[in-house]
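J.: Structure provided below as structure tokens; questions to follow.
Any read-out appearing in this document is the output of simple, stated calculations on the displayed coordinates, not a laboratory observation. Predicted model, so just to flag it, every value in this text is computed and none were measured. In this analysis, Cβ positions are derived from the backbone assuming ideal geometry, glycine residues included, and neighbour counts consider all displayed protein chains.
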Amino acid sequence: MTGLKDQPLMKAVLISQPGEADKLRLGKVPKPVPASEELLVKVKAAGINRADILQRRGLYPPPAGASQILGLEIAGVVEDPGHSCINWKRGDRIMGLLAGGGYAQYAVINQQLAMPIPVQLSFEEAAAIPEAFLTAFQALVQLGRLQAGQTVLIHAGGSGVGTAAIQLSREIGARVIITAGSDQKVQRCRSLGAIEGINYRTSEFPEVIMKATDGKGVNLILDFVGKPFWENNLSVLAEDGKLVILATMGGSEIGNFDLRTLMKKRMTITGSTLRNRTLEYKINLTREFAQFALPLFQEKKLVAIIDKVFTWEAAAEAHRYMEQNLNFGKIVLTISD
Ligand SMILES: NC(=O)c1ccc[n+]([C@@H]2O[C@H](COP(=O)([O-])OP(=O)(O)OC[C@H]3O[C@@H](n4cnc5c(N)ncnc54)[C@H](OP(=O)(O)O)[C@@H]3O)[C@@H](O)[C@H]2O)c1
């Protein structure tokens, strides 16, 4: 019988105790073993997400059965395909979503959550794609039903999800308006395809939006901010418009709300978190996204926007950088031996 002491080990970024970024350290844990429908992947790069910061602080535990190690997305090389993984072979370059376990030398991923990395993309670029782009795709296409010719307002336009959403909306043929926290971020969002941008620290967005839409408002809003934008969001939503809430970075509780507002404009308000969706849901989302987006990455119409790459020894520094809200696009960790 193989005892725990005989189990092969790997390096991973571990949380010594819940808290600030200095609680992250490299340590050794057992190497995961793939189930028959899983791929064992040698991780080359992992994307950093806000959820990692919450998890590090002990505020966002991984779903039941998921790895306790941080990391919701990876890019790497298939090392050992499980018995039923007939479509993948050792050496294939893949990227995909995880429920956890990305900040490690090895990770296991369900074969149907793995996507082939377009040939011209580096592992760092590929690791910047799954969480941001799948979240944005889900919100725009599946929840928001965004159509060509419609107008979408994307808050936190310079965030990882925001920069993905701007590009996907542009490719769908929609008109994009963004808000962001600096003039520089607004400018960079414009260069990705936003037709209008508002620095929410220096201007209120409703006036600009109503002017840009001839008083009609926007058909869809992707919101990550919550409370501070709530009333203004409702005021700029067009008739039959949809508000999709993906995060509440500025606060989650709202005060008085008159339900008649919903009726007057026939608006839909919804929200979602990707991490706690079922495996089946994530597989379908991955399949639809891959069909739509992988050819566009191949043609360089979609690009992974990376602000900074850190080595995994500097994971604490990378977390602190994200906490300062300085990034435009994604922050990525490179994983080495
Ligand atoms: N629901 C889901 O399924 C799902 C999936 C992935 C991510 N998320 C969430 O979506 C959000 C964006 O994720 P990300 O990884 O793309 O983030 P990110 O790259 O770290 O960017 C977040 C940006 O949001 C802006 N921001 C932060 N606090 C704000 C506030 N109080 N008011 C207005 N803007 C604020 C900051 O930019 P400015 O300079 O513009 O202020 C910040 O740089 C996070 O909250 C994340 O947890 C949700």
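J.: If amide hydrogens are placed 1.01 Å from N in the peptide plane, which non-local residues have theirs closer than 5 Å to the one on ILE69?
T.: Under 5 Å from the amide H of ILE69: GLY101.
J.: Continuing with the same structure: Measuring from a point 7 Å past the Cα of LEU296 along Cα-to-C-beta, which residues in region 98-141 have an amide N at less than 16 Å?
T.: 118, 129-141
J.: Here's another thing I want to ask about it. Along the Cα→Cβ direction, 7 angstrom out, place labels at SER203 and SER16. What is the inter-label distance in nm?
T.: 4.7 nm
J.: Okay, moving on. If amide hydrogens are placed 1.01 Å from N in the peptide plane, which non-local residues have theirs closer than 5 Å to the one on MET267?
T.: Amide H neighbours of MET267, under 5 Å, 5+ apart: ASP240.
J.: Across region 122-133, in residue order, what do the Karplus-derived ³J(HN,Hα) couplings come to in whole Hz, using 6.51 cos²θ - 1.76 cosθ + 1.60 with θ = phi - 60° and x for Gly and Pro?
T.: 6, 4, 5, 5, 5, 5, 7, 8, x, 5, 5, 6
J.: Here's another thing I want to ask about it. Given the Cα-Cα distance of LEU326 and SER182 and 0.36 nm per residue of separation, how much length would full extension add, in nm? Spell out each step's value before the answer.
T.: On the way: separation 144, 0.36 × 144 = 51.84 nm, distance 0.97 nm.
Extra length from LEU326 to SER182 when fully extended: 50.9 nm.
J.: What lysines sit close enough to LYS23 to cross-link, taking a C-alpha to C-alpha distance under 17 Å and skipping anything fewer than 8 places away on the same chain?
T.: LYS11
J.: What percent do you get for the relative contact order of the chain when only Cα pairs under 8 Å and 6+ apart count?
T.: Relative contact order for the chain comes out at 17 percent.
J.: Further, regarding this structure: How much length would be gained if the chain were fully extended between ARG287 and ILE254, taking 0.36 nm per residue of separation minus their Cα-Cα distance, in nm to one decimal?
T.: Gain in length upon complete extension: 8.3 nm.
J.: Moving on to the next point. If the cut-off is a Cα-Cα distance under 12 Å, which aspartates and glutamates reach LYS264, setting aside same-chain residues fewer than 8 apart in sequence?
T.: In chain and number order, the partners are GLU239, ASP240.
J.: Apply the Karplus parameterisation 6.51 cos²θ - 1.76 cosθ + 1.60, with θ equal to phi minus 60°, to every residue of region 69-85 and state each ³J(HN,Hα) to the nearest whole Hz, in sequence, with x for glycine and proline.
T.: 6, 5, x, 9, 7, 9, 10, x, 10, 5, 9, 8, x, x, 3, 8, 8
J.: Follow-up question, since we're still on this one. Given 37 °C and 0.692 mPa s, how large is the Stokes-Einstein diffusion coefficient of the chain in µm²/s, with Rh as the Kirkwood radius over Cα pairs?
T.: 160 µm²/s
J.: Considering only DSSP beta bridges with both partners in the chain, what is the antiparallel share in %, to the nearest 5?
T.: Around 55 percent antiparallel, to the nearest 5.
J.: Could you pull out every residue, at least 5 positions away or on a different chain, whose amide H is within less than 5 Å of the one on ARG175? Hs are placed 1.01 Å off N in the peptide plane, and Pro or chain starts have none.
T.: Sorted by chain and number, the residues that satisfy this are GLY149, GLN150, THR151, VAL152.
J.: Need the full-extension length gain, ALA148 to ASP337, defined as separation in residues times 0.36 nm minus the C-alpha distance. One decimal, nm.
T.: 63.4 nm
J.: Taking the Cβ of SER203 as the center, what net charge do the other residues with Cβ under 14 Å away carry, scoring Lys and Arg +1 and Asp and Glu -1?
T.: -1
J.: Ok, one more. Determine the alpha carbon to alpha carbon distance for each of LYS44/LYS330; LYS44/LYS308; LYS42/LYS300; LYS185/LYS282; LYS227/LYS265 and list only those over 22 Å.
T.: LYS42/LYS300; LYS185/LYS282
J.: How high is the FRET efficiency between ASP6 and ALA314 when r is their beta carbon distance and R₀ equals 30 Å, given to the nearest 0.05?
T.: 0.40
J.: While we're here: Nearest 10 degrees is fine. How inclined is helix 279-298 to the longest principal axis of the chain, computing both from alpha carbons?
T.: Long axis of 279-298 versus the principal axis of the chain: about 80 degrees.
J.: Which whole-Hz ³J(HN,Hα) couplings does region 189-197 yield from phi under the Karplus relation 6.51 cos²θ - 1.76 cosθ + 1.60, θ = phi - 60°, glycine and proline marked x?
T.: After applying 6.51 cos²θ - 1.76 cosθ + 1.60, I find 5, 4, 5, 8, x, 5, 8, 8, x Hz.
J.: Taking a ≥ b ≥ c as the square roots of the eigenvalues of the Cα gyration tensor of region 132-271, is the shape rounded (a/c under 1.5), prolate (a/b larger than b/c) or oblate?
T.: Taking the square roots of the gyration eigenvalues as a ≥ b ≥ c, region 132-271 is rounded.
J.: Kindly provide log₁₀ I(q)/I(0) values, in the same order as q = 0.09, 0.11, 0.14, 0.19 Å⁻¹, from the Debye equation applied to equal alpha-carbon scatterers of region 196-331.
T.: Log10 of I(q)/I(0), two decimals: -0.41, -0.61, -0.97, -1.31.
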